[in-house]
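Asks: Below you will find the structure I want to go over with you.
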Amino acid sequence: MLGKSVICYNNNGDFMLDKMGRDINYLRISCTQTCNLRCRYCMPEKGIFEDKNKLLTDREILEIVKVFKKLGVKKVRITGGEPLVRAGIVGLVSAIKDIGIDEVVMTTNAILLEDMAADLKKAGLSRINVSLDTMEPDKFSYMSRGGNLLRVKRGIEAALKAGLKPLKINTVIMKGFNDDEILDFVNLANPDISVRFIELMPIGQAITYKDSYISSDEILEKIKEAGLRIEKISSDKSEVADYFKIGDGKIGFINPISHKFCKDCNRMRLASNGNLISCLHSNERVNLKNALEEGDDLERLIRETVYNKPEKHRLEEGKYNLSDMNTIGG
């Protein structure tokens with residue numbers, strides 16, 4: 001039953017509030033669980049099997065996005081797995097943009113980006129985030145189980161050339177692996193590239209790496225100890241990163257463990273199998289693919305799920321999401 005959640009939607013359907021009063025206007029879509037890398041804290045070594053019969057079709061994704069657009073979603077991020085391995089991804093980006101979504105963006109490992117960046121820009125993609133945890137080829141190959149760092153670098157160059165900027169580099173810092181590269185990543189920051197340091201979250205495969213966790217405060221202290229001048233930048237309250245100006249660029253810190261930002265969370269997640277997930281760290285799911293096939297009221301289901309979005313995660317209590325990150329879109 002919708003209950004009092006009805007009061008959280010105006011007559012024009014152009015905003016959507018949960019029971020905490022948060023405006024939910026951002027949808028992350030994992031278009032595939034598969035990936036061309038096997039990063040150790042993200043995926044099993046042998047990868048995963050994705051049943052194509054359970055994968056959302058382009059048509060189903062677009063039907064769902066249309067409802068979210070009606071309810072006030074303005075931004076859509078395409079994620080994976082690795083979104084660029086999905087057949088027809090450029091056309092899907094274009095179709096989502098044509099629905100009237102203000103901003104369509106993507107997170108990728110950039111392995112395939114060199115040959116696709118220009119087409120993605122033409123399709124309506126606004127910006128791109130690149131997941132990159134090390135700039136040392138041997139360490140990259142180890143962590144990704146065989147990935148080629150040079151292809152990532154060429155992908156980043158192609159994205160910048162195509163105008164997919166400001167480009168954001170997302171870096172998960174782990175003790176004993178890449179905490180000696182913090183300043184190297186800081187030095188990448190310029191007007192076209194922002195660098196964001198992300199705290200390692202205990203989800204799926206990453207739970208076994210929880211002892212490698214390093215807080216954003218520790219990273220920030222290392223930067224200050226190096227004598228670099230940084231200045232805090234005010235940002236929209238729904239922005240997950242705390243940003244600092246450094247030189248002519250900026251760096252950010254995404255710190256869901258040390259500094260919860262749940263009270264300002266504005267997003268929902270749609271998994272490749274149709275599961276609608278209201279919190280990255282929740283195990284609760286509502287399957288919209290099944291709802292479409294059975295002719296259920298999609299808008300009602302979305303409204304109910306949004307309204308019941310958890311107030312906050314409870315990682316500090318050891319309540320972890322056991323699903324691998326590639327299955328929920330990060």
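Asks: Please determine, in degrees from 0 to 90 and to the nearest 10, the orientation of helix 58-70 with respect to the longest principal axis defined by the Cα atoms of the chain, where the helix direction is its Cα long axis.
Replies: Taking Cα atoms only, the helix is inclined about 80 degrees.
Asks: Turning to a different aspect of this structure: Give the cross-link partners of Lys210 among the aspartates and glutamates, using a straight C-alpha distance below 15 Å as the criterion and excluding same-chain residues fewer than 8 apart.
Replies: Filter leaves Asp179, Glu199, Glu316, Glu317, Asp324.
Asks: Taking 37 °C and 0.692 mPa s as the conditions, I'd like the Stokes-Einstein D for the chain in µm²/s, using the Kirkwood hydrodynamic radius from alpha carbon pairs.
Replies: On the way: Rh = 20.3 Å.
Rounded to a whole number, D works out at 162 µm²/s.
Asks: Using a/c under 1.5 as the rounded threshold, could you call the range 96-135 rounded, prolate or oblate? The axes a ≥ b ≥ c are square roots of the C-alpha gyration tensor eigenvalues, and prolate needs a/b larger than b/c, oblate otherwise.
Replies: Verdict is oblate for the range 96-135.
Asks: Find the accessible area per residue for the chain; the probe is 1.4 Å, ligands and nucleic acids are left out, and the unit is Å².
Replies: Accessible area per residue, the chain: 45 Å².
Asks: Which angle between 0 and 90 degrees, to the nearest 10, do you get for helix 149-162 versus the longest principal axis of the chain when only C-alpha atoms count?
Replies: Around 60 degrees separate the two axes.
Asks: Taking the Cα centre of the range 12-165 as origin, sum charge times position over the Cβ atoms of Lys and Arg (+1) and Asp and Glu (-1), and report the length of that vector in debye to the nearest 20.
Replies: Here the range 12-165 has a charge dipole of around 120 debye.
Asks: I would also like to ask the following. Considering every pair of different Cα atoms, what Kirkwood radius, in Å, is found for the range 169-322?
Replies: Every distinct Cα pair counted, the radius reaches 17.5 Å.
Asks: Would you work out if the range 46-170 is rounded, prolate or oblate? Take a ≥ b ≥ c from the square roots of the eigenvalues of the alpha-carbon gyration tensor; rounded if a/c is under 1.5, else prolate when a/b is larger than b/c, oblate otherwise.
Replies: oblate
Asks: Relative to the Cα centre, what is the charge dipole magnitude of the chain, using +1 at the beta carbon of each Lys and Arg, -1 at the beta carbon of each Asp and Glu, and rounding to the nearest 20 debye?
Replies: Roughly 460 debye for the chain.
Asks: Sticking with this structure for a sec: Calculated from DSSP H runs of 4 or more alone, at -39500 (n - 2.57) each and per residue, what is the 222 nm mean residue ellipticity of the chain, nearest 500?
Replies: Mean residue ellipticity at 222 nm (helix-derived): -7500 deg cm²/dmol.
Asks: What residues have an amide H closer than 5 Å to that of Lys250, excluding those fewer than 5 places away on the same chain, when H is modeled at 1.01 Å from N in the peptide plane?
Replies: Close amide H contacts, sequence-distant or interchain: Asn190, Val195.
Asks: Could I ask something else about it? Heavy atoms only, probe 1.4 Å: what % of the accessible area of the range 102-215 goes to carbon and sulfur, would you let me know?
Replies: 48 percent
Asks: So what's the net charge close to Arg151: Lys and Arg +1, Asp and Glu -1, counting the other residues with Cβ under 14 Å from its Cβ?
Replies: It works out to a net charge of -2.
Asks: I need the shape label for the range 133-233. Rule: rounded when a/c is under 1.5, else prolate if a/b > b/c, else oblate, with a, b, c from the alpha carbon gyration tensor.
Replies: Details: a/c = 1.78, a/b = 1.08, b/c = 1.65.
Taking the square roots of the gyration eigenvalues as a ≥ b ≥ c, the range 133-233 is oblate.
Asks: Please tell me which of these pairs span more than 22 angstrom C-alpha to C-alpha: Lys165/Lys312; Lys74/Lys263; Lys54/Lys74?
Replies: Correct reply: Lys165/Lys312; Lys54/Lys74.
Asks: Filter the cross-link list Lys161/Lys245; Lys153/Lys245; Lys66/Lys161; Lys66/Lys122; Lys122/Lys168; Lys97/Lys153 down to pairs whose alpha-carbon distance in this structure exceeds 29 Å. Can you show the working numbers first?
Replies: Working: Lys161/Lys245 24 Å; Lys153/Lys245 24 Å; Lys66/Lys161 31 Å; Lys66/Lys122 21 Å; Lys122/Lys168 19 Å; Lys97/Lys153 27 Å.
Violating the 29 Å limit, Cα to Cα: Lys66/Lys161.
Asks: Relative to the first principal axis of the alpha-carbon coordinates of the chain, what is the inclination of helix 216-225, with its axis defined by its Cα atoms, in degrees from 0 to 90 and to the nearest 10?
Replies: 30 degrees
The values are calculated or read from the model by the stated rules, or taken from the named source; none is laboratory data. Keep in mind it's a predicted model, so treat the numbers as computed, not measured. Neighbour counts run over all protein chains shown; Cβ positions are idealised from the backbone, glycine included. Each accessible area value is taken on the protein alone, full model and side chains, heavy atoms only, with ligands, DNA and RNA left out. Shrake-Rupley method; radii C 1.70, N 1.55, O 1.52, S 1.80 Å.
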